[in-house]
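The values are calculated or read from the model by the stated rules, or taken from the named source; none is laboratory data. Since the model is a prediction, treat every value here as computed from it, not as a measurement. Here the Cβ positions follow ideal geometry from the backbone for every residue, glycine too, while neighbour counts run over all protein chains shown. Please note that ligands, DNA and RNA were not included when accessible areas were found on the heavy atoms of the full protein model with its side chains. Shrake-Rupley method; radii C 1.70, N 1.55, O 1.52, S 1.80 Å.
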Amino acid sequence: MLPKHLAALIALILSAPVAGPAQAANADPAPAPASAASPAAVVPQGEEHRLVLHDFATESGTVLPAVTLVYGTYGRLNAAKDNVILVPSHYMADWHGYEWLIGKTLALDPDRYFIVATEMFGNGRTSSPSNTPEPFHGPRFPVTTIRDNVEVVRAMLAHDYGVTHVRAVIGFSMGAQQALQWAVSHPQFADRIVATAGTAKTYGHGIVRLESQIAAIAADPTFAGGDYQAQPAKGIEAFNLVWTAWLYSQEWWRRELWREGAPADITLDKVIAGYRTSFIPGADANDLILQMRAWQRHDVGMTPGFHGDAPKALRSITAPVLYMPSATDLYFPVGDAQFEAAFIPRVTLKPIPSLWGHPAGAGATPADAKFLNDAIGDFLK
């Protein structure tokens, strides 16, 4: 089992659908980001919703007869419908994944804003390979893109709330990919854009990393090309280890920051063993792969009208953008964010000064959470 502080941190950041982050945090509390701004902070109370849309056309050309979108809300929509903030989810996350940012003393006060937290295709709850009937079950589910996720959420906001404009889109990791895609696909949709630890395009190094993680799963004979009878457990364990090696910075490992808040008898071997078996508990292999394919293929330059020119797409963004890469992220390196920021007209580039690598973008430590909440709160004012 993972050390308590790491188990709760992973549950909070990755929000495994089988054991949601709110449940994990309540059952096994740790130095949780939600408490960074105030020791008395509590997990905000949200409400879960589901919408079924029929004949959803994916970017690949496949039409799904019905798709289910799972999402959560915090606060109340005002009469003018002008207090909406959208927070799209990240890799294999459920809608609880931004609770480090939501609360009366945090950047997103549910007494002021109506916060809509959406779940992506492939997380095991929103339509996914694991929960869609034939002819689209398992490996036959079409690869859904970041733009597909944007469009299904756009349809939901209009259908359920009559909302066609929001105060801000705020996203971490694959949520940041969505936030920047919103700014390109629908320039008038959001007043402001916030992207933490994520970029507008996945570059070659990230594509290779993700391919190695997919290959780790597929190498398990049990995987059977995606038509497995039982989860390819050994392949998923290999995937977990490849992923873990990139999760934090090299200095995080050198300084043994995994010891923070851990029991006295913690060892690196125990940490590695925990990650090997418990990284995203209960996840389905085809779901894991689907979201990695969406991550791999993302490029705002492929938005219709830009003909593969990502810089041109970024130059088209009209909303102010707060761009917050983690200074030590190995998934979305700060250099990639610096490169992209040069093309965004109204950008504030504010790297997160943390050794916690990718998770810093989701408030991995109290210091990270405070830095993010302060910057995002100021940006929204």
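If you go through segment 224-234 one residue at a time, do you hit one that is within 19 Å of residue 277 (Cβ to Cβ), out of contact with any Phe, Trp or Tyr (no Cβ under 9 Å at 6 or more places or on another chain), open to solvent by 40 Å² or more (accessible area, probe 1.4 Å) and not in a loop (DSSP other than H, G, I, E, B)?
yes
Would you confirm whether or not segment 120-133 contains a residue that is open to solvent by 10 Å² or more (accessible area, probe 1.4 Å), in contact (Cβ under 8 Å) with a residue 12 or more places away in the chain, in contact with a helix residue (DSSP H, G or I) (Cβ under 7 Å, 6 or more places away or on another chain) and not in a loop (DSSP other than H, G, I, E, B)?
Checked segment 120-133: no residue is open to solvent by 10 Å² or more (accessible area, probe 1.4 Å), in contact (Cβ under 8 Å) with a residue 12 or more places away in the chain, in contact with a helix residue (DSSP H, G or I) (Cβ under 7 Å, 6 or more places away or on another chain) and not in a loop (DSSP other than H, G, I, E, B).
For segment 74-105, give me each residue that is surrounded by fewer than 20 Cβ atoms within 10 Å (Cβ to Cβ) and farther than 24 Å from residue 375 by Cβ.
Residues of segment 74-105 surrounded by fewer than 20 Cβ atoms within 10 Å (Cβ to Cβ): 76-83, 104-105.
Scanning segment 74-105 gives 76, 77, 78, 79, 80, 81.
Out of curiosity, is residue 138 on the phi > 0 side of the Ramachandran plot and touching a Gly at 6+ places or on another chain (Cβ under 6 Å)? Before the answer, list the steps.
On the way: on the phi > 0 side of the Ramachandran plot: yes; touching a Gly at 6+ places or on another chain (Cβ under 6 Å): yes.
Yes: the conditions hold for residue 138.
Just give me the residues in segment 290-299 being part of a helix (DSSP H, G or I) and open to solvent by 20 Å² or more (accessible area, probe 1.4 Å), in sequence order. Quick ask: steps written out before the conclusion?
Let us first name the residues in segment 290-299 that are part of a helix (DSSP H, G or I), namely 290-296.
Passing the criteria: only 293.
Looking only at segment 22-59, count every residue that is over 22 Å from residue 107 (Cα atoms), open to solvent by 80 Å² or more (accessible area, probe 1.4 Å) and at pLDDT 75 or above and tell me the total.
4
Looking at segment 187-195, is at least one residue within 17 Å of residue 294 (Cα to Cα) and crowded, with 19+ Cβ neighbours inside 10 Å?
Just the residues of segment 187-195 that are within 17 Å of residue 294 (Cα to Cα), to begin with: none.
Looking for residues that are within 17 Å of residue 294 (Cα to Cα) and crowded, with 19+ Cβ neighbours inside 10 Å, one finds none in segment 187-195, hence no.
Identify all residues within segment 204-223 that are hydroxyl-bearing (Ser, Thr, Tyr) and either open to solvent by less than 10 Å² (accessible area, probe 1.4 Å) or without any contact (Cβ under 8 Å) to a residue 24 or more places away in the chain (or both); write none if there are none.
Applying the first criterion (hydroxyl-bearing (Ser, Thr, Tyr)) to segment 204-223 yields 212, 222.
If the condition is that a residue be hydroxyl-bearing (Ser, Thr, Tyr) and either open to solvent by less than 10 Å² (accessible area, probe 1.4 Å) or without any contact (Cβ under 8 Å) to a residue 24 or more places away in the chain (or both), then 222 is the only one that fits.
The rows are residues; the columns are (1) open to solvent by 60 Å² or more (accessible area, probe 1.4 Å); (2) more than 24 Å from residue 218 (Cβ to Cβ).
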| position | (1), (2) |
| --- | --- |
| 263 | yes, yes |
| 268 | yes, yes |
| 275 | no, no |
| 280 | no, no |
| 283 | no, no |
| 288 | no, no |
| 301 | no, yes |
| 305 | no, yes |
| 317 | no, yes |
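Yes or no: residue 321 open to solvent by 40 Å² or more (accessible area, probe 1.4 Å) and in contact with a strand residue (DSSP E or B) (Cβ under 7 Å, 6 or more places away or on another chain)? If you could, list the steps in order and put the result at the bottom.
Values: open to solvent by 40 Å² or more (accessible area, probe 1.4 Å): no; in contact with a strand residue (DSSP E or B) (Cβ under 7 Å, 6 or more places away or on another chain): yes.
It is false that residue 321 is open to solvent by 40 Å² or more (accessible area, probe 1.4 Å) and in contact with a strand residue (DSSP E or B) (Cβ under 7 Å, 6 or more places away or on another chain).
Within segment 110-117, identify whether any single residue is surrounded by 19 or more Cβ atoms within 10 Å (Cβ to Cβ), within 20 Å of the chain's Cα centre (by Cα) and not aliphatic (A, V, I, L, M), and answer yes or no. Full working, then the answer.
Our first condition is that a residue be surrounded by 19 or more Cβ atoms within 10 Å (Cβ to Cβ); within segment 110-117, this holds for 110, 113-117.
Now restrict to residues that are within 20 Å of the chain's Cα centre (by Cα): 114-117.
With not aliphatic (A, V, I, L, M) added as a condition, the list becomes 114.
Checked segment 110-117: at least one residue is surrounded by 19 or more Cβ atoms within 10 Å (Cβ to Cβ), within 20 Å of the chain's Cα centre (by Cα) and not aliphatic (A, V, I, L, M).
Go through the residues of segment 157-176 one by one and say whether even a single one is open to solvent by 50 Å² or more (accessible area, probe 1.4 Å), out of contact with any Lys or Arg (no Cβ under 6 Å at 6 or more places or on another chain), under 20 Å from residue 295 (Cβ atoms) and touching a residue at least 40 places away in the same chain (Cβ under 8 Å).
Among the residues of segment 157-176, not one is open to solvent by 50 Å² or more (accessible area, probe 1.4 Å), out of contact with any Lys or Arg (no Cβ under 6 Å at 6 or more places or on another chain), under 20 Å from residue 295 (Cβ atoms) and touching a residue at least 40 places away in the same chain (Cβ under 8 Å), which makes the answer no.
Filter segment 140-165 down to the residues that are in a helix (DSSP H, G or I) and either farther than 15 Å from residue 184 by Cα or of a type in the set (A, V, I, L, M) (or both) and list them by number.
In the first step, residues of segment 140-165 are kept if they are in a helix (DSSP H, G or I); the result is 140, 146-161.
140, 146, 150, 152, 153, 155, 156, 157, 158, 159, 160, 161, listed by residue number.
Quick one: in segment 330-378, of everything that is without any contact (Cβ under 8 Å) to a residue 12 or more places away in the chain and either in a loop (DSSP other than H, G, I, E, B) or crowded, with 16+ Cβ neighbours inside 10 Å (or both), which residue is farthest from the chain's Cα centre (by Cα)?
Once the filter is applied, the top-ranked residue is 342.
Kindly list, by first and then second residue, each pair from a residue in segment 237-251 that is without any contact (Cβ under 8 Å) to a residue 60 or more places away in the chain and in a helix (DSSP H, G or I) to a residue that is open to solvent by less than 10 Å² (accessible area, probe 1.4 Å) and not aliphatic (A, V, I, L, M), limited to pairs with Cβ atoms under 6 Å and residues at least 6 apart or on different chains.
Here the result reads 239/213; 240/275; 240/279; 242/213; 243/213; 244/275, each pair linking segment 237-251 to a residue that is open to solvent by less than 10 Å² (accessible area, probe 1.4 Å) and not aliphatic (A, V, I, L, M).
Being among the hydroxyl-bearing types (Ser, Thr, Tyr) and either at pLDDT 95 or above or part of a loop (DSSP other than H, G, I, E, B) (or both) is the filter here; which residues of segment 252-289 pass it?
Our first condition is that a residue be among the hydroxyl-bearing types (Ser, Thr, Tyr); within segment 252-289, this holds for 267, 275, 277-278.
Across segment 252-289, the qualifying residues are 267, 275.
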